[in-house]
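What follows is a set of notes on a single structure, which appears directly below.
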Amino acid sequence: MRAAYTFDLKHLRGDIYGGLTAGVVAIPLALAFGVASGLGPMAGMYGAIIVGFFAAWLGGTPTNVSGPTGPMVVVLAGLFASLSGDVGLILTAVVLAGVFQIIFGLIKLGDFIRLVPYPVVSGFMSGIGVIIIILQLDATLGHMAPAGTIPALQYLPTALTDINMSALAVAAVTLIVVYGWPTAWGKYLPAALAALTAGTVVSLFLGETPILGDIPSGLPSFHMPSFSQGAMMLVIEAAFILAVLGAIDSLLTSLVADNMTRTRHDSNQELIGQGIGNAVAGLFGGIAGAGATMRTVVNIRSGGHTKISGMIHSVVLVAVVLGLGPVAAYIPHAALAGVLIKVGLDIIDFSYLRNAHRGPRWDLALMALVLGLTVLVDLITAVGAGVVLAALAYVRQVAKAQLDDLLSRPLTATSEEEQDLIETLKDRVTVFEFGGPLSFGAAADVGHHVRERYRDGMHAIVLDFCRVPFIDVSAVRAVETIACDAERAGKKIYITGMSDDIADTMVGLGADCCLDLGSARYTDRVELLRTLRDEYAGKLSRRSRANPPKTTVEN
């Protein structure tokens, strides 16, 4: 059932409660993600408000709650370090990311983005979880680490030699509360907010612990996009990564929402809504966001049914922003680090890792490779390499299956007459029956296997295309090679069951130079076999009397 995208007041009570609950859950995460991005806690709140509101209003998943997420923050933190904290350029990247997502939706890329293989998704999401944890380790020890995964790891030995025990205690309390908070209590006070509150209270009774400090309150101001010729390529690259990761993150969350609500989202409309939200967020000082799985699940479980719930979530955050500054100033960095470490651990795909040894080893190796590239190189390299390798592995598997089918599947006669014809012609004619689409992966070996079937006395080769719905350029060239090799070897080649579309493709690519499709192409295989029987009638009669055949037809 496709979800409705109009406002529906029948579920208003559930939408209000779902939006309120999701808003409360979003508060600590928005603050923490804002700090982790380098733009400050209020940038996280503004991003949660704006992306959450516009994605809910204009998106294609009624129950989605959007806001800053781990993948987006990791990219923004790296961009912050690369641009030396130039806020104008960073927000420009957020605006451009939104524009990219709008374009993705308009050109209908939503369905294709969901085709990224699971090991690749698992690898880069787990890698993002590892990055989030690495970036928070120094904060748990009471230090402000340099931005970037590798610099943070390099700084860790320095932090370990000078541990702020108060900060470490705050981080420990935060983690204990966030993991030990009873599920039943979570209906009234989310675990992340309870943990953040507990960590802040504990810090008031301990020694010096780094805190957020003065935070501006009030509504955001307008930021005109800025452009710098020297840094523009870096900004565009970061914007594209933000757009792709945000699209994948949002659509995966939409799939979770579909499973819970038994509805079907509109992928392309969801991308348009997310893009508008991110573009507006960048214009008003907010960080980029995407569909947030945890907040969406909380919304649905709390009664949210329509887009009103996501919009109410943003209204709640607006109310908080207008009066939060003086209170949030006392939140310690170590408490936010504890919340983010929990987020990072939740992102790591432990469910797959626990069972990966029972599945294909290649998938596990691919997941590990993408994870490593995500942590040590960058996200776009990791996703690009993962998708390419997964596609090559799939093509190899399909090609092997096609060749195995070509070589091992027995030729199936459709009638007694055809069976008799096959038996009669088996010493003169070899029939190859292709069992499906001819991919470029199998094309390279098809000609080789056909040549291997040449034998003394064989006069003709029949290539049956009746089960081939389409053909690519590589396969066309393979058929051309087979025809040319057969001509040089003095063999005749015939085609049966080839559709007009495939024939037109071969003619259009000039692959019929050694193959006269006008005379060699037959619609019906039985008709061709009858013609060949009549052609070889005298020779077959003399040969069968002198040397009765003892072998079966090869295919």
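The values are calculated or read from the model by the stated rules, or taken from the named source; none is laboratory data. Note that the coordinates shown come from a computational prediction; the quantities given were computed from them, not determined experimentally. Quick reminder, even Gly has a Cβ in these numbers, built from the backbone with ideal geometry, and neighbours come from all protein chains shown.
Quick look at the values:
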quantity	calculated
Hits in the stretch 203-255 (condition: at pLDDT below 80, touching a Gly at 6+ places or on another chain (Cβ under 9 Å) and among the hydrophobic types (A, V, I, L, M, F, W, C))	Leu212, Ile215, Leu252
Residue within the stretch 261-282 that is touching a Pro at 6+ places or on another chain (Cβ under 8 Å), in contact (Cβ under 8 Å) with a residue 12 or more places away in the chain and closer than 25 Å to Leu89 by Cβ present	yes
Any hit, the stretch 498-513, residues being touching a residue at least 24 places away in the same chain (Cβ under 8 Å), closer than 24 Å to Leu425 by Cα, in the same structural domain as Val462 (by TED's automatic domain parsing) and in contact with a His (Cβ under 9 Å, 6 or more places away or on another chain)	no
Residue tally, condition in a helix (DSSP H, G or I), within 41 Å of the chain's Cα centre (by Cα) and either closer than 24 Å to Tyr536 by Cβ or of a type outside the set (Ser, Thr, Tyr) (or both), over the stretch 468-502	11
Residue tally, condition touching a helix residue (DSSP H, G or I) at 6+ places or on another chain (Cβ under 9 Å) and either in a loop (DSSP other than H, G, I, E, B) or within 24 Å of Met42 (Cβ to Cβ) (or both), over the stretch 242-272	9
Residue check, Asp464 of a type in the set (Asp, Glu) and at pLDDT below 80	no
Those residues of the stretch 196-215 which are surrounded by 13 or more Cβ atoms within 10 Å (Cβ to Cβ), over 21 Å from Gly19 (Cα atoms) and not polar (S, T, N, Q), in sequence order	Ala198, Gly199, Val201, Val202, Leu206, Pro210, Ile211, Leu212, Ile215
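A quick yes/no check of all residues on (1) of a type in the set (A, V, I, L, M); (2) in a loop (DSSP other than H, G, I, E, B); (3) surrounded by 14 or more Cβ atoms within 10 Å (Cβ to Cβ):
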| position | (1), (2), (3) |
| --- | --- |
| Ser351 | no, no, no |
| Ala356 | yes, no, yes |
| Asp363 | no, no, yes |
| Leu366 | yes, no, yes |
| Leu369 | yes, no, yes |
| Ala382 | yes, no, yes |
| Gly386 | no, no, yes |
